[in-house]
1. Taking every pair of Cα atoms in segment 20-85, average 1/r, invert it to obtain the Kirkwood radius, and report Rg/Rh to two decimals.
2. Restricted to Cα positions, what overall size does the chain have along the principal axes? Three whole-Å values, descending.
3. Using the Kirkwood formula over every pair of different C-alpha atoms, what hydrodynamic radius in Å results for segment 182-245?
4. log₁₀ I(q)/I(0) of segment 134-251 at q = 0.20 Å⁻¹, via Debye over equal Cα point scatterers, no solvent, to two decimals?
5. Can you tell me what share of the DSSP beta bridges in segment 1-140 is antiparallel? A percent to the nearest 5 is fine.
6. Would you please report the Å³ per residue occupied by the convex hull of the alpha carbon atoms in segment 33-158?
7. Determine the share of the chain's accessible area contributed by carbon and sulfur atoms, expressed in whole percent, with a 1.4 angstrom probe.
8. Antiparallel DSSP bridges in segment 119-243: what percent, to the nearest 5?
Amino acid sequence: MPETPSQGYQRSLMRLIQITDCHLLSDTTRTAYGDINPYSSLQQCLQLSQALAPDALLITGDISGDDSANSYTHFTRLLNDYCPSIPFKVIPGNHDVNPYFNPMLKRATLTAGSAWQLGQWHIHGIDSTFSGTRGRVETQQLNSISGEVDAHPDHFHLVALHHHPFTTGSWMDKHELENADEVISWFRQQEKIEAMIYGHIHAVREHAVDGRAVLSAPSSCWQWRMTPEFGVESTAPGLRVIDLAPDGTFSTFIRRIR
């Protein structure tokens, strides 16, 4: 899929922007992999988001990079500074399993069984955190989403999680979704769910399951190299834009900050 917007964007669409893997640190001046400062790069991603005029933002996990309360304070302050009128939701990543994520972001957390309505679309969140960096999705969450989908047959549905449901052939597969086959099998049965999006791998991957998209997004900070050995790409941070049409179709593209 293209990294530039399709022509003819219309306001009848609902524009959802996915931002993922912010890895914010307590110290806003610190840099990490690729000599990238995650605070500065998220700031730039939010400035880019503002220019793209979204209807909503969805952050798919790993907001914190050091399990600090300050990292979440920085996150909410940046959103308030750059996207103050744009509604947002979050789902947790493996780096958000700490004492601060729930108390500070509970009201913004998108959970299974409580969908977020954007026009004719329902957006569903899955908590895939499990053990360390590895993920797992409990069957109860999948059943809750199935119930919501069945209860709203006239709407269209998109589901979001943090961990990758397809192997990458890279070192990141050590940090896998342990029951990915179960999740994909469930998705295959849920014909009313038009797409699945995820984060975690800090890279763009696009798969299809029975003609329906399963998509990742670039990290808002450093990008991982999808090779057997650990590595960092020189590709710039970015985000995914998803334009949700009222007829159940959608288009999507990637934008980067430089």
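The values are calculated or read from the model by the stated rules, or taken from the named source; none is laboratory data. The structure presented is a predicted model; accordingly, all values stated were derived computationally and were not measured. Cβ placement follows ideal geometry from the backbone for every residue including glycine, while neighbour counts extend to all protein chains displayed. SASA here: full protein model, heavy atoms, side chains in, ligands and nucleic acids out. Shrake-Rupley method; radii C 1.70, N 1.55, O 1.52, S 1.80 Å.
1. Details: Rg = 11.5 Å, Rh = 12.0 Å.
Ratio value, two decimals: 0.95.
2. Sorted largest first, the three principal extents are 48, 39, 36 Å.
3. Values: mean 1/r = 0.0758 Å⁻¹.
The Cα-based Kirkwood calculation yields 13.2 Å.
4. Once normalised to I(0) and log-transformed, intensities are -1.15.
5. Details: 5 of 15 bridges.
Antiparallel: roughly 35 percent of the beta bridges in segment 1-140.
6. Values: hull volume 15.1 nm³, N = 126.
For segment 33-158, the hull spanned by Cα atoms encloses 120 Å³ per residue.
7. Working: 5000 of 10860 Å².
C and S atoms contribute 46 percent here.
8. Working: 8 of 22 bridges.
Percentage antiparallel, nearest 5: 35.
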